[in-house]
Amino acid sequence: MESAIEVHQLEKKYRNKMALDSISFQVAKGEIFGFLGPSGSGKTTTVKILTTQLLPSAGEAIVLGRRAVGKRDPYLLSKIGIMTDNSGIYERLTVFDNLSLFCGLYGAPVRNVSDTLESVNLAGEMKTPVHQLSKGMKQRVTLARALLHKPELLFLDEPTSALDPANTAQIHAALRQLNEQGTTIFLTTHDMMEAEQLCHRVAFLNNGRISVLDTPERLKLQHADRTIDVTTADGRYVVNNDSEGAERIREWMRAGRLLSIHSNEPTLGDLFVRLTGRSLQ
Ligand SMILES: Nc1ncnc2c1ncn2[C@@H]1O[C@H](COP(=O)(O)OP(=O)(O)OP(=O)(O)O)[C@@H](O)[C@H]1O
């Protein structure tokens, strides 16, 4: 596995506060990696260190083969894209003017603007002043800004926070497409549905520590309670996922009375609470 990110025993201390307490993980090239945790767990601190905006107190972070040491690294900055919040987008300028300005800053050709807007489904808003856009559209302009120089590795800090489902779906579609084209994505979120839908692997961060790291599917299967919800013409039942349960389900089927069956797997949100004792909100 070729790594896009390698983190070894990383620590960050702000005065007396241990924001990151010896975390270690790797992100493979081509992966969508979810970094999940409640407010204050250390997500933004991690993104800032990995994007060279903040110096770690101890440990090591290697991003695309370069050591992140809190110092501007033009090579690394040319290979990564960062989407944090909407700040830095000029409300009075059009979408096109905003993005061409950033092309200048990133050293990306202005011809990238139209392709990039296409990829976030905003090609029709090129000439619209940003202040006339909806919140979700502005968020997509911010994503487009992070993509102008076609980065290999994209950092997204809560990319869909407070967006409605339609705008969230648009951002998810754009991220899936980028990933299919080979972009590695490091995503922080406290939205568990987002993580389940998008991420190949997730890490649970709690009080600056990683408590779990695996694929969403494996986590849910490992912690499934081995029961099945059955709805029949006579009512609802919970049966065990064993041979006795299978026989009962077969009988309902034979009698033509079975309406639906669902295995009982926890959601990632349930698992987070179960494994860390904390809610994600
Ligand atoms: N500049 C700072 N000085 C002192 N403490 C800080 C600073 N930045 C963050 N912290 C503290 O470090 C901890 C982790 O903060 P961080 O912003 O990384 O969390 P987060 O998981 O991104 O939270 P959120 O989801 O609310 O953005 C918090 O307790 C926070 O108060």
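Being more than 16 Å from the ligand (Cβ to nearest atom) and either in a strand (DSSP E or B) or touching a strand residue (DSSP E or B) at 6+ places or on another chain (Cβ under 8 Å) (or both) is the filter here; which residues of the range 186-203 pass it?
Taking the range 186-203 as the starting set, the residues that turn out to be more than 16 Å from the ligand (Cβ to nearest atom) are 193, 196-201.
Result: Leu198, Cys199, His200, Arg201.
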*Could you tell me which numbered condition Thr44 fails, if it satisfies all but one of (1) at pLDDT below 95; (2) among the polar types (S, T, N, Q); (3) touching a helix residue (DSSP H, G or I) at 6+ places or on another chain (Cβ under 9 Å)?*
(3)
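Check whether at least one residue in the range 24-34 is away from the ligand (no atom under 12 Å from the Cβ) and modelled with pLDDT under 95, and report yes or no. Before the answer, list the steps.
Going through the range 24-34, the residues away from the ligand (no atom under 12 Å from the Cβ) turn out to be 24-34.
After this cut, where a residue has to be modelled with pLDDT under 95 as well, the list is none.
For the range 24-34, residues away from the ligand (no atom under 12 Å from the Cβ) and modelled with pLDDT under 95: absent.
Which of the residues belonging to the range 58-67 are surrounded by 14 or more Cβ atoms within 10 Å (Cβ to Cβ) and in contact (Cβ under 8 Å) with a residue 24 or more places away in the chain?
Of the residues in the range 58-67, the ones surrounded by 14 or more Cβ atoms within 10 Å (Cβ to Cβ) are 59-64, 66.
Scanning the range 58-67 gives Gly59, Glu60, Ala61, Ile62, Val63, Leu64.
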*Using the structure shown, decide if Thr232 is in contact (Cβ under 8 Å) with a residue 12 or more places away in the chain and over 16 Å from the mean Cα position of the chain (by Cα).*
yes
*Output the number of residues of the range 38-71 satisfying the condition of being polar (S, T, N, Q) and more than 10 Å from the ligand (Cβ to nearest atom).*
4
*Near pairs, Cβ below 9 angstrom, 6+ apart or cross-chain, from the range 238-262 (among the hydrophobic types (A, V, I, L, M, F, W, C)) to any residue that is in a loop (DSSP other than H, G, I, E, B)*: Val238/Asn264; Trp252/Ala233; Trp252/Asp234; Ala255/Ala233; Leu258/Ala233; Leu259/Ala233
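Out of the strands (runs of 3 or more DSSP E) lying entirely within the range 204-270, which hold 3 or more residues that are within 30 Å of Lys12 (Cα to Cα)? Break it down stepwise before answering.
On the way: elements: 209-214, 227-232, 235-240, 258-263.
In the range 204-270, 209-214 are the strands (runs of 3 or more DSSP E) which contain 3 or more residues that are within 30 Å of Lys12 (Cα to Cα).
Given the range 72-161, what helices (runs of 4 or more DSSP H) lie entirely inside it while holding 1 or more residues that are free of Cβ contacts under 8 Å to residues at least 24 places away in the same chain?
Working: elements: 74-79, 95-106, 112-119, 135-147.
Here the list reads 74-79, 95-106, 112-119.
The values are calculated or read from the model by the stated rules, or taken from the named source; none is laboratory data. Being a predicted model, the structure only gives us computed values, none of them experimental. Glycine gets a Cβ as well: all are built from the backbone with ideal geometry, and neighbour counts include every protein chain shown.
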